[in-house]
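The values are calculated or read from the model by the stated rules, or taken from the named source; none is laboratory data. Quick caveat, the model's predicted, so the values are computed rather than measured. Heads up, the Cβs are rebuilt from the backbone with ideal geometry, glycines too, and the neighbour counts pull from every protein chain shown. Only protein heavy atoms, including side chains, enter the accessible area calculation; ligands, DNA and RNA are left aside. Shrake-Rupley method; radii C 1.70, N 1.55, O 1.52, S 1.80 Å.
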Amino acid sequence: MTLTDASASSSAPAQRKLSTAKAMVEAIAQEMERDEDVFVLGEDVGAYGGIFSSTTGLLEKFGPRRVLDTPISETAFIGAAIGAAVEGLRPIVELMFVDFFGVCMDQIYNHMAKIHFESGGNVKVPMVLTAAVGGGYSDGAQHSQCLWGTFAHLPGMKVVAPSNPADAKGLMTAAIRDDNPVVYLFHKGVMGLPWMAKNRRSIGPVPDGDHVVPIGKANIVRPGSDVTVVTLSLSVHHSLDVAEELAQQGIDCEVVDLRSVVPLDTDTILESVGRTGRLLVVDEDYLSFGLSGEIIARVAERDPGLLRAPAARVAVPDVPIPYARPLEYAVLPTPDRIRRAVLDLVNA
């Protein structure tokens, strides 16, 4: 899939620019206007507007009956969202940090993800579970993980992770309209918040009006011929920065933004590796038993002859995310680690 396909569902070219946070809110607001069954609930989603501005302005626009601030009980409010979904509503429920999934995993996996299967396909669970992910801000081991590989490992849920404002809007719209439970993971570093580290790619063009990005379709955000870099979320930004730098040295990186973990767009990955012959997976999740290994395994199973060099990975080693900034940046997939991995691949 090409870069232009990202906004193929919009009839007009995107001119205005929004932050990722504002693009998310716009998608939610438009769907709440379109469908009265859509509502929002979670901790600090009302008057506060979400601690990462993921629901700013919704309470003022739609009122407390459709934007519900909940007590600090993840099991209770996620369970309430599941009950609403099976009764035909379309809740968007925010888990403030993805790290908190442990206290409500029974509701998420034994109920949200399984009800459709256990009902023989007769009961739908059309809901979106959103959560903030990612490190880089000295938030410590309990507020800095990504964990999309954990959700992806468990059948019954779709999992998406946008990297830019246009995809944030398009994937949110698709998630709300989907009849399956969708886990929507937004990295703090792509939200474009003024009080966090500046990121020039966190503000960008967003189509006005209806905009849908199909779940399960990756996007080639930078074509190249020497190395395929498969990544997602904030690591797309880092990979593009490295690709621009290495282009000055004559190294041409193709960057594939997965956008969706479940379903995983294996075909786009294979097509890209077929062009470059080299594969680097960059993943801000844990190295072992996760997404990076799954991608490499799919290439090896489907067509191992595509690779001219062994595939490589840049991921978080199997340690909790440290609080100390130097230690934290030692384990995250930083541009420096990505650069070194690309150079190792092309010089292999």
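Have a look at Ala168, Ala161, Ala175 and point out the one that is touching a Pro at 6+ places or on another chain (Cβ under 7 Å), among the aliphatic types (A, V, I, L, M) and open to solvent by less than 30 Å² (accessible area, probe 1.4 Å). I'd like the intermediate steps shown before the answer.
On the way: Ala161 fails: touching a Pro at 6+ places or on another chain (Cβ under 7 Å); Ala175 fails: touching a Pro at 6+ places or on another chain (Cβ under 7 Å).
Every option except Ala168 fails the conditions.
Given the condition at pLDDT below 95 and open to solvent by 30 Å² or more (accessible area, probe 1.4 Å), answer yes or no: does some residue in region 184-194 qualify? Yes, region 184-194 has at least one match. Taking first residues from region 45-57 that are closer than 17 Å to Ile78 by Cα and partners that are of a type in the set (Asp, Glu) and at pLDDT 95 or above, the Cβ contacts under 6 Å between residues at least 6 apart in sequence or on separate chains come to Val45/Glu94; Gly46/Asp69.
Note on region 248-348: enclosed strands (runs of 3 or more DSSP E) holding 3 or more residues that are more than 17 Å from the chain's Cα centre (by Cα) and at negative phi are 312-316. Please specify each residue of region 42-59 satisfying the condition of being among the β-branched types (Val, Ile, Thr), more than 21 Å from Ala174 (Cβ to Cβ) and at pLDDT 95 or above. Residue satisfying the conditions is Thr56 alone. Put simply, of Pro310, Pro317, Pro335, Pro326 the only residue that is surrounded by fewer than 13 Cβ atoms within 10 Å (Cβ to Cβ) and closer than 19 Å to Ser233 by Cβ is Pro317.
For Leu129, all conditions in the list (1) buried (at least 22 other Cβ atoms within 10 Å of the Cβ); (2) part of a loop (DSSP other than H, G, I, E, B) hold save one; what is the number of the exception? The number of the failed condition is (2). Restricting attention to region 107-122, the residues that are under 18 Å from Ile78 (Cβ atoms) and touching a residue at least 12 places away in the same chain (Cβ under 8 Å) add up to 9.
Among the residues of region 244-251, is any surrounded by 21 or more Cβ atoms within 10 Å (Cβ to Cβ) and of a type in the set (A, V, I, L, M)? Within region 244-251, none of the residues are surrounded by 21 or more Cβ atoms within 10 Å (Cβ to Cβ) and of a type in the set (A, V, I, L, M).
For region 216-243, enumerate the residues that are part of a helix (DSSP H, G or I), of a type in the set (Val, Ile, Thr) and open to solvent by 10 Å² or more (accessible area, probe 1.4 Å). Can you show your working first?
Filtering region 216-243 down to residues part of a helix (DSSP H, G or I) leaves 234-243.
Pick out the ones that are also of a type in the set (Val, Ile, Thr) and you get 236, 242.
None - no residue of region 216-243 is part of a helix (DSSP H, G or I), of a type in the set (Val, Ile, Thr) and open to solvent by 10 Å² or more (accessible area, probe 1.4 Å), so the list stays empty.
Go through region 84-104 and report how many residues are open to solvent by less than 50 Å² (accessible area, probe 1.4 Å) and either in a strand (DSSP E or B) or out of contact with any helix residue (DSSP H, G or I) (no Cβ under 9 Å at 6 or more places or on another chain) (or both). Adding up the residues that qualify gives 11.
Mind checking which residues of region 18-44 are in a helix (DSSP H, G or I), in contact (Cβ under 8 Å) with a residue 60 or more places away in the chain and not small (Gly, Ala, Ser)? Quick ask: steps written out before the conclusion?
Here is the first cut: in region 18-44, the residues in a helix (DSSP H, G or I) are 20-34.
Remaining after also requiring in contact (Cβ under 8 Å) with a residue 60 or more places away in the chain: 20-24, 26-28, 30-31.
Of everything in region 18-44, those that are in a helix (DSSP H, G or I), in contact (Cβ under 8 Å) with a residue 60 or more places away in the chain and not small (Gly, Ala, Ser) turn out to be Thr20, Lys22, Met24, Glu26, Ile28, Gln30, Glu31.
For region 50-83, the tally of residues that are among the aliphatic types (A, V, I, L, M) and open to solvent by 20 Å² or more (accessible area, probe 1.4 Å) stands at 6.
Within region 1-41, being touching a strand residue (DSSP E or B) at 6+ places or on another chain (Cβ under 6 Å), farther than 30 Å from Ala80 by Cα and either loosely packed, with under 15 Cβ neighbours inside 10 Å or modelled with pLDDT of 95 or more (or both) holds for Thr2, Leu3, Lys17, Ser19.
Taking Arg313 as the residue in question, decide whether it is modelled with pLDDT of 95 or more, touching a strand residue (DSSP E or B) at 6+ places or on another chain (Cβ under 9 Å), closer than 21 Å to Gln248 by Cβ and not polar (S, T, N, Q).
Numbers: modelled with pLDDT of 95 or more: yes; touching a strand residue (DSSP E or B) at 6+ places or on another chain (Cβ under 9 Å): yes; closer than 21 Å to Gln248 by Cβ: no; not polar (S, T, N, Q): yes.
No; evaluated as a whole, the condition is false for this residue.
Any idea how many residues of region 303-346 are closer than 24 Å to Val262 by Cα, touching a residue at least 12 places away in the same chain (Cβ under 8 Å), out of contact with any Asp or Glu (no Cβ under 9 Å at 6 or more places or on another chain) and not aliphatic (A, V, I, L, M)? So the count comes out to 3.
In this entry, Ala243 passes the filter for residues that are out of contact with any helix residue (DSSP H, G or I) (no Cβ under 7 Å at 6 or more places or on another chain) and farther than 16 Å from Leu258 by Cα. If you go through region 255-272 and pick out every residue that is within 13 Å of Asp283 (Cβ to Cβ), open to solvent by 10 Å² or more (accessible area, probe 1.4 Å) and among the charged types (D, E, K, R), you end up with 0.
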